[in-house]
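Worksheet for the structure shown next.
What follows is calculated from the coordinates using simple rules that are stated; it is not laboratory data. Computed from a predicted model, the values in this text were never measured in an experiment. Here Cβ is always computed from backbone atoms with ideal geometry, including for glycine, and neighbour counts include all displayed protein chains.
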Amino acid sequence: PDVLREHIQKCKNATSFPFGVNVPMLYPNLEEIIEIIIEEGVKIVFTSAGNPKTYTQHLKAQGITVVHVVSSVKFALKAQEAGVDAVVAEGFEAGGHNGREETTTFTLIPIVKEQIEVPLIAAGGIATGRGMLAAMILGADGVQVGSRFVASEESSAHQAFKEVVVDAKEGDTELTLKELAPVRLIKNKFYQDVKELYKKGPSVEELKNLLGRARAKKGMFEGDLVEGELEIGQISGLIHDIKPAAQIVEDLMREFEAAKKEISQL
């Protein structure tokens with residue numbers, strides 16, 4: 001909670017524009033997190049990994065725009081029913097926690113677009129302006145970009161992890177631990193340990209014991225590239241450098257406009 005408040009205040013000091021806070025609803029101290037967000041006057045909240053009905057109306061009553069992240073049409077409809085202002089449909093290319101359906105972004109966006117009325121944001125496998133345009137042609141109203149900003153100068157990820165992301169090639173990530181919470185990560189030593197355990201037909205409890213606590217923090221924020229959980233998307237194979245966040249945004253928009261011109265000539 002203290003780190004959350006610190007980061008919110010950093011954002012408030014850096015910009016007068018609205019910014020969003022991502023809230024995975026599986027956190028044990030969720031109620032405290034929600035109250036900090038309200039106290040700090042955050043304008044947009046992205047919820048995920050839980051029931052959107054839990055806090056959507058409470059947050060909206062405080063004037064907060066609520067967006068929920070989903071991995072399927074079923075959950076998109078539930079989010080809309082809960083009253084969210086927009087839905088993020090995230091394909092299984094995305095890094096970190098993911099859906100069990102294993103539906104790609106290319107497939108998921110048009111399917112969800114057919115079923116919901118609220119604005120649709122595409123996520124998973126988007127790190128370029130060309131990818132942005134493709135998502136919008138499929139029916140998205142906007143995009144959510146995650147992995148590309150891990151490799152930004154401002155990112156709080158450990159430098160060693162950023163360098164792993166830049167060096168990643170196609171096929172260097174995999175979705176695993178589906179019995180717990182499916183997660184896409186780099187195939188490091190920890191991943192190999194998980195793979196070996198799977199050969200023995202492990203119980204959920206054995207998987208939990210291997211995972212332990214704070215393994216993602218150990219990997220992504222403390223730089224343990226061996227035993228840490230290194231969550232990143234498939235698109236990491238298209239990320240070749242670490243640069244300022246502002247430059248990433250400028251590049252995305254320049255590529256987006258160039259791709260639009262290219263498409264117009266087809």
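Structure values in brief
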item: Expected 222 nm ellipticity per residue - DSSP helices of 4 or more, -39500 (n - 2.57), all of the chain, to 500; result: -12000 deg cm²/dmol
item: Potential extension, Ala160-Asn29 segment - 0.36 nm per residue separation minus Cα distance; result: 44.2 nm
item: Percentage of interatomic Cα-Cα distances in region 45-93 larger than 16 Å; result: 28 percent
item: Value of Rg to Rh for the chain (Rh from inverse mean 1/r over Cα pairs, i.e. Kirkwood); result: 0.95
item: Rg to Rh, two decimals, where region 1-155 supplies the alpha carbon set and Rh follows Kirkwood; result: 0.95
item: Sequence of Thr56, Thr105 once ranked by neighbouring C-beta atoms within 10 Å, starting from the fewest; result: Thr56, Thr105
item: Entries in Lys178/Lys199; Lys189/Lys243; Lys178/Lys200; Lys187/Lys218; Lys162/Lys217 that, when Cα-Cα distance is taken, lie over 19 Å; result: Lys189/Lys243
item: Estimated FRET transfer efficiency when R0 is 30 angstrom, pair Val118-Lys178 (beta carbons, to 0.05); result: 0.60
item: ³J(HN,Hα), Karplus 6.51/-1.76/1.60, whole Hz, each residue of region 157-167, x for Gly, Pro; result: 5, 5, 4, 5, 5, 4, 5, 4, 4, 5, 7
item: P(r), alpha carbons of region 159-237 - 10 Å bins starting at zero, rounded %; result: 19, 54, 24, 3
item: Extension reserve of the Thr107-Glu206 stretch, reckoned as 0.36 nm per residue once the Cα distance is removed; result: 32.3 nm
item: Average silhouette area of region 132-266, convex hull of alpha-carbon atoms, in square nanometres; result: 9.8 nm²
item: Distance (nanometres) between label positions extended 7 Å along Cα→Cβ at Glu227 and Ala61; result: 4.5 nm
